[in-house]
Amino acid sequence: MEKLDKTVKKAVAIKDVTQCEATGRMLEKARRDGVVVAFDRAAGMKPCPIGAESACCKMCYMGPCRLNARDPYGKVGVCGATIDTIQSRNLARMVASGSAAHNDHGMAVLELFKGVANGTITDYTIKDPYKLEALCLELGLEIEGMTIQEKALALADELEKTYTQTEGEIPFVKRVPAKTLETWRKLDIVPRGAMIEVMGIMSRTHMGCDQHYENITKAISKAALADGWGGSMVATELGDIMFGTPSPVQADVNFGVLKEDHVNVIVHGHEPNLFESMLVSVSDPSLVQIARDKGAKGINLVGMCCSGAEMMSRHGVPHAGNFMSTEPVLVTGAVDAMAVDIQCIQQGLAKTAEFYKTHLITTNPRCHIEGARHIEFEEHTPRECTDEIVTLAIARFADRGVDVEIPQIINKGIHGFSHEYINYMLGGSFRSSYAPLNDNIINGRIRGVAGVVGCVNPRVKQDWVHVELVKELIKNDVLVIQTGCSQIALAKAGLTVPEAAVLAGPGLREVCEAVGMPPVLGLGSCVDNTRILIAATAMVNQGGLGDSIADLPVAGAAPEWMSEKAVAIGQYFVASGVFTVFGVGFPTVKETKFHDHLFGGLEDQGLGKWGVTKDPYEMAAMMLAHIDKKRKELGIDKSRERVLTDMASRRELA
Ligand code: BF8
């Protein structure tokens, strides 16, 4: 095991790198044990200042060329590429990678769905036939007289176009508000299919090809929209049909969900199929009996990162923490097996797992890790993989051979606010609608809606930017909706409970207390950001808040982003019409044409725009200013007289 570097040990004060108490305690233990984790590696490696601003180009081997971000137009690359060409090509490749990751995930979910529909995969089923039918009808499919299986096959055929189609428009474009779609068509940014849009970026960013940042930006928007309204949306919708559409459920979050006297199995990753099967394996009476025979009280299944967030939303499975806690959780010594699939799996896990004798098991053909055991997961025989992992975990429990120290911290919260549930929650069974939300925005009780999503990143204090931003927003009557690692940060801060309404401004508090909902609504994983797009569309369709997503008093933020997926998500929100602010930093050089195009020019075209700041209070101020600007444009900047919504007025609204 590599030893902690002495200079690193001095440089990092734990209170400065994380707000998560459990993670902090495990960082202290890691230091005592001489174990290095990502927080230490980050302290020992400054970000490359040229790369951070995207002023370098390695698209060919005449370079790599480095431009001066302080004098961006002072020189060009060997081929003559300007700073705008270089930055836009770099950002395009980030978006292509992020979009590819989500689309690959969505395609895997589609393949699983096809197998369930044609009967070749029998371990999964269709749990929400109502949503299946609703989706078929929404996409204009003729399903009269069809069986559930036939409907599923018809839907699978239609949604396959999301990936493979090379001409036309992806299927879920049918959901986009008419005026938003009109703008996309005018700008020629409607995606044809994910594969061709991602391939198109890789092709046009080759040396000597597309060298106009505005044209490259169009390709960026297409590839990003092919993620948000494409692959990610397919993953969410088919996931709901197969595994259940979430509705509010209480779940425990934080390291205290680990149990010293149980066999602890963590699933960390993004695709729900592995986790769903693991849920079946840990409940198998014969495996539970083997665990008991070895002295365990039972088998404890826990999630981390995004598939964890999905399982928490759908089934109330406990969640141990977000991305930056994945190494520290192993330091507890209590994790008997960590099964991973794809995305956001840090290679450093292998060494940490080895030190604490935890089984780290990769399961997906797209993600092997040197030093980890690989047990391939196959949807036709999923239990072969998950049962074997549980068996390994039981054996490790019987002979842990390391000290166990679990921070006894658990935060209870309510999660699982799907778009469908929000619709029902606001309007009731017979009048489910977004009218009460729109009405409360129009009358000023709710100032606007903010999506706060995305990663945690060791370049900023873990969870802190998310939590401070969200507190500031709800204090100012902004309803917050969340996904991914951000949702877990707020769950740990105790804001995902209805009682957190006391932290909200008077208007939002009144609405939360009337409905019995938290001021912060958790929607699930990163692919579930598409639920935010659907909610925004429902707000437009409801009426009274403009004709396009760009008209809405809404804003988005990824305060601690780190992954290329986050950039793809950010761009699909911007292209959909949302002002989107990133924390940490942004890979462009300020006061360049490309930067100005992203941070203002796109808005002039009728889309959204980007913003950036590290400071959560400034971030909140930027988002509030945007929301207020939209309220003014809509003519609702002066709150209407406040009237409590009684049954008569609810009926009227419906
Ligand atoms: O997809 S929020 S760190 S875990 S990239 Fe990764 Fe970021 Fe977490 Fe999930 Ni999303």
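The values are calculated or read from the model by the stated rules, or taken from the named source; none is laboratory data. Because the structure is predicted, anything quoted here is derived from the model rather than measured. Cβ atoms come from the backbone with ideal geometry, glycine included; neighbour counts cover every protein chain shown.
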Region 258-275, residues that are in a loop (DSSP other than H, G, I, E, B) and either touching a Gly at 6+ places or on another chain (Cβ under 7 Å) or hydrophobic (A, V, I, L, M, F, W, C) (or both): L258, H262
Working only within region 568-588, note down all residues that are surrounded by fewer than 24 Cβ atoms within 10 Å (Cβ to Cβ) and more than 18 Å from H466 (Cβ to Cβ). P587
Within region 544-564, how many residues are farther than 11 Å from P177 by Cα and either assigned to a loop (DSSP other than H, G, I, E, B) or without any contact (Cβ under 8 Å) to a residue 40 or more places away in the chain (or both)? 9
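Yes or no, residue by residue, for (1) part of a loop (DSSP other than H, G, I, E, B); (2) among the charged types (D, E, K, R):
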position	(1), (2)
V470	no, no
T496	yes, no
E499	no, yes
I534	no, no
M539	no, no
Does region 237-248 contain any residue that is within 16 Å of the ligand (Cβ to nearest atom), part of a helix (DSSP H, G or I) and small (G, A, S)? yes
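What strands (runs of 3 or more DSSP E) completely inside region 323-418 contain at least 2 residues that are in contact with a Ser or Thr (Cβ under 7 Å, 6 or more places away or on another chain) and of a type outside the set (A, V, I, L, M, F, W, C)? Step through it out loud before you land on a result.
Details: elements: 337-340, 359-362, 411-415.
The strands (runs of 3 or more DSSP E) meeting that bar are 411-415.
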Could you list, in sequence order, all residues of region 127-149 that are closer than 21 Å to F243 by Cβ and of a type in the set (D, E, K, R)? K127, D128, K131, E133, E138
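Does A435 count as small (G, A, S) and under 20 Å from V302 (Cβ atoms)?
Values: small (G, A, S): yes; under 20 Å from V302 (Cβ atoms): no.
Criteria not met by A435.
What number of residues in region 96-124 are within 25 Å of the chain's Cα centre (by Cα) and of a type outside the set (F, W, Y)?
From region 96-124, those within 25 Å of the chain's Cα centre (by Cα) are 96-114, 124; that's our starting set.
Then keep just the ones that are of a type outside the set (F, W, Y); that gives 96-112, 114.
Summing the residues that are within 25 Å of the chain's Cα centre (by Cα) and of a type outside the set (F, W, Y) in region 96-124 gives 18.
Conditions tested, residue by residue: (1) touching a Ser or Thr at 6+ places or on another chain (Cβ under 6 Å); (2) modelled with pLDDT of 95 or more; (3) not hydrophobic (A, V, I, L, M, F, W, C).
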| position | (1), (2), (3) |
| --- | --- |
| T7 | no, no, yes |
| A13 | no, no, no |
| C20 | no, yes, no |
| R25 | no, yes, yes |
| G34 | no, yes, yes |
| K46 | no, no, yes |
| C60 | no, yes, no |
Does T326 fit the bill of being β-branched (V, I, T), away from the ligand (no atom under 16 Å from the Cβ) and not assigned by the TED database to the domain that holds E111? no
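Within region 7-125, which helices (runs of 4 or more DSSP H) (wholly inside it) include 2 or more residues that are within 30 Å of A491 (Cα to Cα) and in contact (Cβ under 8 Å) with a residue 12 or more places away in the chain? So that I can check it myself, show each step before the final result.
Values: elements: 14-17, 21-33, 38-43, 49-52, 83-118.
Qualifying helices (runs of 4 or more DSSP H): 14-17, 21-33, 38-43, 83-118.
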Condition test on S221, is it touching a residue at least 40 places away in the same chain (Cβ under 8 Å), more than 16 Å from the ligand (Cβ to nearest atom), farther than 28 Å from N364 by Cβ and surrounded by 24 or more Cβ atoms within 10 Å (Cβ to Cβ)? yes
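Before we move on, is V460 in a loop (DSSP other than H, G, I, E, B) and in contact (Cβ under 8 Å) with a residue 12 or more places away in the chain? Explain how you work it out, then say what you get.
On the way: in a loop (DSSP other than H, G, I, E, B): yes; in contact (Cβ under 8 Å) with a residue 12 or more places away in the chain: yes.
The answer is yes for V460.
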When region 303-322 is checked residue by residue, the ones that are surrounded by 24 or more Cβ atoms within 10 Å (Cβ to Cβ) and in a helix (DSSP H, G or I) are C305, C306, S307, G308, A309, E310, M311, M312, S313, R314
Output the number of residues of region 558-589 satisfying the condition of being over 29 Å from R70 (Cβ atoms) and more than 13 Å from the ligand (Cβ to nearest atom). 6
Whichever residue in region 344-363 is touching a residue at least 60 places away in the same chain (Cβ under 8 Å), surrounded by fewer than 22 Cβ atoms within 10 Å (Cβ to Cβ) and under 24 Å from the mean Cα position of the chain (by Cα) and, among such residues, is farthest from the ligand (Cβ to nearest atom): G348
Inspect all residues belonging to region 269-277 and state whether any of them is without any contact (Cβ under 8 Å) to a residue 60 or more places away in the chain, crowded, with 24+ Cβ neighbours inside 10 Å and within 16 Å of the ligand (Cβ to nearest atom). yes
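Is there a residue in region 395-415 that is acidic (D, E) and within 30 Å of I636 (Cβ to Cβ)? Write out each step before concluding.
Residues of region 395-415 that are acidic (D, E), as a first pass: 399, 403, 405.
Filter once more, so that each one left must be within 30 Å of I636 (Cβ to Cβ): none.
Checked against the condition, which is being acidic (D, E) and within 30 Å of I636 (Cβ to Cβ), region 395-415 yields no hits at all.
Considering V460, V390, V404, V456, which residue is assigned by the TED database to the domain that holds G321 and farther than 19 Å from L508 by Cβ?
Working: V460 fails: assigned by the TED database to the domain that holds G321; V404 fails: assigned by the TED database to the domain that holds G321; V456 fails: assigned by the TED database to the domain that holds G321.
So the residue among V460, V390, V404, V456 that is assigned by the TED database to the domain that holds G321 and farther than 19 Å from L508 by Cβ is V390.
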Of the criteria (1) within 16 Å of the ligand (Cβ to nearest atom); (2) polar (S, T, N, Q); (3) surrounded by fewer than 24 Cβ atoms within 10 Å (Cβ to Cβ), which one S286 fails: (1)
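Every residue, every condition in (1) among the basic types (K, R); (2) within 16 Å of the ligand (Cβ to nearest atom); (3) under 29 Å from R175 (Cβ atoms), yes or no:
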residue	(1), (2), (3)
S418	no, no, yes
N440	no, no, yes
R445	yes, no, yes
W464	no, yes, no
I481	no, yes, yes
C485	no, yes, yes
A500	no, no, no
L503	no, no, no
G522	no, yes, yes
Of residues in region 299-325 being touching a residue at least 40 places away in the same chain (Cβ under 8 Å) and in contact with a His (Cβ under 6 Å, 6 or more places away or on another chain), the one farthest from P458 (Cα to Cα): N300
